[in-house]
Structures are given as structure tokens and as C-alpha cells.
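*Asks:* Structure provided below as C-alpha cells; questions to follow.
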Amino acid sequence: MNGSYYEAKSANTVGPGLFLFSEINLHSFLGDTSIVIGNHYPTPPTTNFASIYYVFTQSQVRLDGVTAFNGGTIYSADGSIVAQYDGLNSPSYVNQPWDKFLVANLASQWGSTRAGNGTFSLFAGGFFTIPASQSRLALSSDEELIPYKNGTALMLFMSPANAANSLGGVILAYKGQFTYYNMEGLNLVSPDYAKATVQSKLPALSNGQLFAANPVIYPTQNEFIWIVPYYYDSGTGIVQFQGIAVMDASNAGNLVIQPNQGSIEQTRDLALAGLLAGNTGNQTQVTKVNGAVQAFVTYVQSGNTYASIELNGTYYYATANSLPFSQWVQALQLKPGETVQLQVQGTEIVNLAIPPQ
Amino acid sequence: MAVPVYLDLIILTVMNVLLSFIAFGLPRRTHGVRVERGEYDRLPTGFAARTAIIVIVSVVFGLLLILGETPFLYQFLIDFVLVGLLASASRLRDIDSPRRTASVLVVLFLLTGVGAGAYYGVYSQVNNSIYFNSLLTFAPGSALFANSTLPVGKLPLVSEDYANSIASSHLSDFGGSVQLVDNEQIVHDNQPY
């Protein structure tokens, strides 16, 4: 995650890029020529990276033309087969029991032929008198692999056909479960759009270029945000981490670009703090506090006005940024003894209501 | 059903021999002897010689398909159509045999090819979609991550290019003659790598 790395020297006799029969695709294919070659990837079966297994996923063309998930083979370093699994019932250390390219492929076909909810047609895109379907979806070029429950989930992002800038839905593949989250009502921007927005804010360099890559969606308390790291590419194979941009997924204008502050973690936290005004992620819950104001004071710190309220023995504060304008004006006019209903995040007031007397 | 490589080749070869018999009829002694109007049968007439050629060509063709990692079902279809067409077409050159039968066979194999291509190449996306739809469950967008706490520290923020760049800067640990062949993001011990 943070750019630190492990080295594992493992003389694998079967792997990608090796000669002829040691090449993992052909090696596996010769054992069973009925398969469709899938994705393969190295994976450490234990936590210490002492040995590296190679997982080879495969699928099979059925008679009806469907390319179906068909398990995989796990090779140890000496090329012997450690385990074989059927379908999607993989050993627990296997991250992706499916071929991720096939998942993307199926998702893409599923989206493009969608003529309605659960009905599919070759002519979903319209043909002569057949009108184009409103349900068609197109796959975005970005994918995301995240820790999920006790394993790994692959996330694919889909946009409505011909509307690549908005997010139509998310397909989350987790072991044998595939879930489609319909994002249509949430008014979110697509990963491509998030990337392009960040890219547009980056300066042009005389040598090499800055580029945004790998947007990651993340839910905060109330909204989804895009976290987009950006990198420097020298053009000669040197890529360096430059910073992280964080944007509100439903409001692309709400964007914080944080240049590198030493480590990816630190940069990310600063960027998040910038966007969420000090509240990163789900550490702080919004809680409700009611009561009579015991003390009220306003003060100015670093040019910002703070309104501080003592309620039930605890101090809370509000700033012009933390409250909507009308509530902020109400907050400034509070007097000791008044009854208020607050919603607070930590000690920051995010909503203020004065109940009618 | 696993189809090991030798079984693959045997099936293709046997099919090709049978197909050539269907197209040509069983070999006859007199076959190809007469030469009229500049046409003649280039195939050797003997049963053994013809079968040997078909076996060799089948194995070579099968090996090419295997090196191309073509799934067996597609190999079977490609081979069926190709050999059928070839055999029927060369029968058209044979002045001894009725031309109508040969023409019908050519048309049949052509139609099979076009049909299989349309079904497996084009229509399969609908079947694929139905298959994928049967695997999918549906949920509202707000439910994403609702039952799973995803700490912000576990988000993958390293791009492929960056990973390659880091790896390439440490390759000297492995000595010379090294090559970066592949990268893959994995999640290990609940951390993305």
C-alpha cells in the first residue's frame, strides 16, 4: 500500500515469461486443452512471503457458447501442482478464484446487451425499428482490488452507455459472490471523470509528466469520495509518488490536492483531512446532543471565527465551514440558557437546531 | 471434462480421416488415374498413403491450434469446417464423382462454419450475459460497504506503473539477466500489495 516492498527469491519453474513448456499458460493448457486461459498471479500462501505460489485461473467454453468460471490450478515453486479447485471453491489464500479478465469481459457483455432488468438482447443498442435500451451499461477502464470481509474483492465500475462521466453501478466480486450495486440515483462521477478532473489540476512539466491513476472509491459518513493518487512519470520507466487528490464523488468541484508529505499514508490523511475538515473516514460518528447552553463564547484562531458552546459539561465548537450559513448565524446569536439540539462529530458541531420554545 | 493434449490430437485426427472418407467416399483403386480436360486428382490413391497424409497434416494443424491455446471446442469446430470444406472442394475437382454431391457438401460445411461463427462469436454474448446475470445479486448503491468496515488505511493507492518502477529499482538484488514480466495487485493478510 505505502510503496514498501518485499523481496522473495523463489526459483519458480512455471511462470509467465518463461520458455515454451514452462510458460504458465501453455503449461496449463497442455494438461487440459478444453480450458480457456485465464489470469495468473503469484501469491504467498503464508504471511511471511517465504514461498510464492502461482495461481492459474481458467474457464471453459460450454456448448451454448458461455464462457464459465472453471476453477484453477495452484503451482508451487518447483512447478508441481499444490491444489486444484473447481468452480470458485478456492483455498483461503487464493485472492481471486475467478479470472478477473473474464469477470470484466462478462460484465462488459452483460452491460452492453442489457435490454431491461434481467432481459438481454443482441440489439439492445438499437437496430432499425428496435429502440436502444435505457439499461445498457459500459465498463469503465478502472478496477479496484480491495480487502473485503475476510478476503479480497474486485470492484468494477460501470457507467450508463454513452455517459462515461457518471457512475451507473459497481460490480463487486467477492469469492463466489457477485453483487451489482446500482448507483444511478446517487449522482456520482465515474472513476474516469475523477481521474481526468485531478489530471486537469496538475501542472505540466518540462520533462516527464504528472499523471493521475488508480482512483479508489471510499465511503465516508455521508457520501462517497474518490481518492486519486498521482505520480510522476519520467518517460524512462521511473515513476514516483507525487501526491494524492481527494474529491467528493457527488460534487467534483469539491477537491483537495495534497502534494507528497513524506509517505503515502501521511499524504492521504492530510488530503482527507482537507476534504472532510478534520474528520477522516469512519472514526467519528455523528451523535446527537440536546440541552441548555451553559456557556457560549466566540473567538478567532488563525483568521477563522470559532463559536464554542458548553453543553452538559462538554465544549463543542462550530465554524463557518462546519455549519450551513443560516445555522452559523443562529449559532453566533446563542445565549446561555437557550435550549439547542446539536449533531456533533467529535467536538465539531455539524448541525444546529433551536427547538421552538 | 479434461481433454489432455494427446486426446485432443487423436480426436482431431480421427475426425479428419472420417471426414475425408465422407467427402471422398472410400478410396478406390482406379481413383485419380484418368486425366481429362486438364483436371486430375492430386491426392495419392492408396488408402494407406492418403490416411498417412491426413494424419500428418491433422497433427501439425492441431499442434498449431494448441500453440495458439485455442479451447478444444473451438479447435473441433474450426477443424471440422476447414477439413470438411477442403475435402469437399477437392472432390469437386474429381471428375469421377457426381458434382452435385460435392457442391451440397461444400455448402453444408460453409453454412456450418458461418452458423458456428455467428453463434459462438456473436450470439454467445447474450448467453454470457444471462449466465453472468444468474450469478449476480442486486443491491442499492448506498449498501456498498454498508456491512463491511473498510479502514481507509487498507485502500490500495499504488498504481501498476509505480509498483513496476519500485521493483525495477531493486532488481539488482537478483543479479543480471532479469526481466520484469508481470505485475499483479493482491491482497495479503488483509493488506493490499
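*Asks:* Answer with yes or no whether A:L122 is farther than 30 Å from A:F49 by Cα and surrounded by fewer than 21 Cβ atoms within 10 Å (Cβ to Cβ).
*Replies:* yes
*Asks:* Scan segment A:209-237 residue by residue and report those that are without any contact (Cβ under 8 Å) to a residue 24 or more places away in the chain and aliphatic (A, V, I, L, M).
*Replies:* A:A213
*Asks:* Tell me, which helices (runs of 4 or more DSSP H) lie completely within segment B:82-193 with 1 or more residues that are modelled with pLDDT of 90 or more and more than 8 Å from chain A (Cβ to nearest Cβ)?
*Replies:* B:99-116, B:124-135
*Asks:* Being farther than 19 Å from A:V189 by Cβ, more than 7 Å from chain B (Cβ to nearest Cβ) and at pLDDT 90 or above narrows it down to one residue among A:S133, A:S112; which is it?
*Replies:* Going through A:S133, A:S112 in turn, the sole match is A:S112.
*Asks:* Residues that are of a type in the set (V, I, T), buried (at least 17 other Cβ atoms within 10 Å of the Cβ) and within 13 Å of chain B (Cβ to nearest Cβ): list the strands (runs of 3 or more DSSP E) wholly contained in segment A:178-281 that include at least 2 such residues.
*Replies:* The qualifying strands (runs of 3 or more DSSP E) are A:216-219, A:224-233, A:239-248.
*Asks:* Moving to a separate point now. For segment A:138-177, name all the residues that are within 8 Å of another protein chain (Cβ to nearest Cβ) and among the charged types (D, E, K, R).
*Replies:* A:E144, A:K149
*Asks:* Right, something else. Condition first: surrounded by 12 or more Cβ atoms within 10 Å (Cβ to Cβ) and either among the polar types (S, T, N, Q) or outside the structural domain of A:Q333 (by TED's automatic domain parsing) (or both). Now tell me which residues in segment A:295-317 satisfy that.
*Replies:* Correct list: A:T298, A:T305, A:S308, A:T314.
Every residue, every condition in (1) within 11 Å of another protein chain (Cβ to nearest Cβ); (2) at pLDDT below 85, yes or no:
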position: A:S59; (1), (2): yes, no
position: A:G79; (1), (2): no, yes
position: A:Y85; (1), (2): no, no
position: A:V94; (1), (2): yes, yes
position: A:S108; (1), (2): yes, no
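*Asks:* Considering only residues that are more than 11 Å from chain B (Cβ to nearest Cβ) and not in a loop (DSSP other than H, G, I, E, B), which ones fall in segment A:115-130?
*Replies:* Matches in segment A:115-130: A:F127, A:I130.
*Asks:* Could I ask something else about it? Which residues, counting only those in segment A:50-71, are in contact with a strand residue (DSSP E or B) (Cβ under 8 Å, 6 or more places away or on another chain) and either polar (S, T, N, Q) or assigned to a loop (DSSP other than H, G, I, E, B) (or both)?
*Replies:* Hits for segment A:50-71 are A:I52, A:T57, A:Q58, A:S59, A:Q60, A:R62, A:T67, A:N70.
*Asks:* Restricting to segment A:84-108, count the residues that are buried (at least 21 other Cβ atoms within 10 Å of the Cβ) and not β-branched (V, I, T).
*Replies:* 9
*Asks:* For segment A:202-225, which positions are farther than 17 Å from A:R268 by Cβ and among the polar types (S, T, N, Q)?
*Replies:* Residues satisfying the conditions are A:S206, A:N207, A:Q209, A:Q221, A:N222.
The values are calculated or read from the model by the stated rules, or taken from the named source; none is laboratory data. Everything numeric in this text was worked out from a predicted model, so none of it was measured. As a convention, Cβ positions derive from the backbone with ideal geometry for all residues, glycine included, and neighbour counts pool all protein chains shown.
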